[in-house]
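Asks: Dropping the structure in here first, questions after.
The values are calculated or read from the model by the stated rules, or taken from the named source; none is laboratory data. Just so you know, these numbers come straight off a predicted model, no measurement behind them. Quick reminder, even Gly has a Cβ in these numbers, built from the backbone with ideal geometry, and neighbours come from all protein chains shown. Quick note on the areas: whole protein, heavy atoms, side chains included, nothing else; ligands and nucleic acids left out. Shrake-Rupley method; radii C 1.70, N 1.55, O 1.52, S 1.80 Å.
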Amino acid sequence: MNRPDYSFEEAALRGGARFVAGVDEVGRGPLAGPVTAAAVILDAACIPEGLNDSKKLTAKRRETLAELIMARCDWAVGHASVEEIDRMNILRASHLAMCRAIAGLRRRPCLVLVDGNMLPRELDLPGQAVVGGDARCLSIAAASILAKLLRDRIMVDLAQQHPGYGWEANAGYPTPAHRQALLDLGVTPYHRRSFAPVHKILCKEETTSC
């Protein structure tokens, strides 16, 4: 099984970069909650063993690796709110969260490795888009782990405030149970009104046409 490696970072370091950050986001697809991004600068001397795309790890393994990343690395997390997602669209909001995460790092990266095929337009640093980066690049894999863990924690907290939607298990994604709860319980302030399943419910509730 192919695993992410340090080749992208090594190439940049050989080219004169001092600090290379990996960036990834979690939460583009859910109907509720923020989109969350993490940025990580690994220390080549003590990279945690077993880093991988967060989706390929168990929740327990993510927890263990996240603790190691937080202890050994320069890292930061950024979020974009539901209001920002609805105002600017999910892609722009994801990029905003990435830029906030990068800005939170203690060190200013010489290069930012971004998961995906597009760099944030607001990025004011040299960047490289890496398609499938969380499965190919160790820094991006580390960022994916932190972003997933910390966003899941947010959704567990929100689930206590708004029970019945199953956010503690589905993290806001449009599972059948979540969709049914939307119909039964209605739309919360943490639902993304610009997303079609939520928008349709709101339109039905309004007396004026949408």
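Per-residue answers, yes or no, for (1) open to solvent by 30 Å² or more (accessible area, probe 1.4 Å); (2) over 30 Å from Phe195 (Cβ atoms):
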{"residue": "Val26", "(1), (2)": "no, no"}
{"residue": "Leu31", "(1), (2)": "no, no"}
{"residue": "Asp43", "(1), (2)": "yes, yes"}
{"residue": "Pro48", "(1), (2)": "no, yes"}
{"residue": "Asn52", "(1), (2)": "no, no"}
{"residue": "Lys60", "(1), (2)": "yes, yes"}
{"residue": "Leu65", "(1), (2)": "no, yes"}
{"residue": "Cys73", "(1), (2)": "no, yes"}
{"residue": "Gly78", "(1), (2)": "no, no"}
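Asks: Please work out which one of (1) open to solvent by 20 Å² or more (accessible area, probe 1.4 Å); (2) assigned to a helix (DSSP H, G or I); (3) more than 20 Å from Lys56 (Cβ to Cβ) is the condition Arg193 fails and give its number.
Replies: (2)
Asks: To continue, here is another question. Please indicate, with yes or no, whether at least one residue in the stretch 73-96 is more than 23 Å from Gly33 (Cα to Cα) and at pLDDT 95 or above.
Replies: Within the stretch 73-96, one or more residues are more than 23 Å from Gly33 (Cα to Cα) and at pLDDT 95 or above.
Every residue, every condition in (1) at pLDDT 95 or above; (2) closer than 19 Å to Thr36 by Cβ; (3) of a type in the set (A, V, I, L, M); (4) surrounded by 13 or more Cβ atoms within 10 Å (Cβ to Cβ), yes or no:
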| residue | (1), (2), (3), (4) |
| --- | --- |
| Ala141 | yes, yes, yes, yes |
| Lys148 | yes, yes, no, yes |
| Ala169 | yes, yes, yes, yes |
| Ala181 | yes, no, yes, yes |
| Pro189 | yes, yes, no, no |
| Ile201 | no, no, yes, yes |
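Asks: Here's another thing I want to ask about it. Are there strands (runs of 3 or more DSSP E) fully within the stretch 12-87 with at least 1 residues that are of a type in the set (Ser, Thr, Tyr)? List them.
Replies: Fully inside the stretch 12-87 and qualifying: 35-41.
Asks: Name the single residue, out of those in the stretch 110-139 being over 14 Å from the mean Cα position of the chain (by Cα) and β-branched (Val, Ile, Thr), that is most open to solvent (accessible area, probe 1.4 Å).
Replies: Taking the candidates together, the pick is Val131.
Asks: Now for a different question. Find all pairs meeting these conditions: Cβ atoms under 7 angstrom apart; at least six residues apart or on different chains; first residue within the stretch 4-30 and closer than 16 Å to Leu51 by Cβ; second residue among the polar types (S, T, N, Q) and assigned to a strand (DSSP E or B).
Replies: Correct list of pairs: Val26/Thr36.
Asks: Which count do you get for residues in the stretch 27-59 that are of a type in the set (D, E, K, R) and under 30 Å from Pro189 (Cα atoms)?
Replies: Residues that pass the stated criteria total 2.
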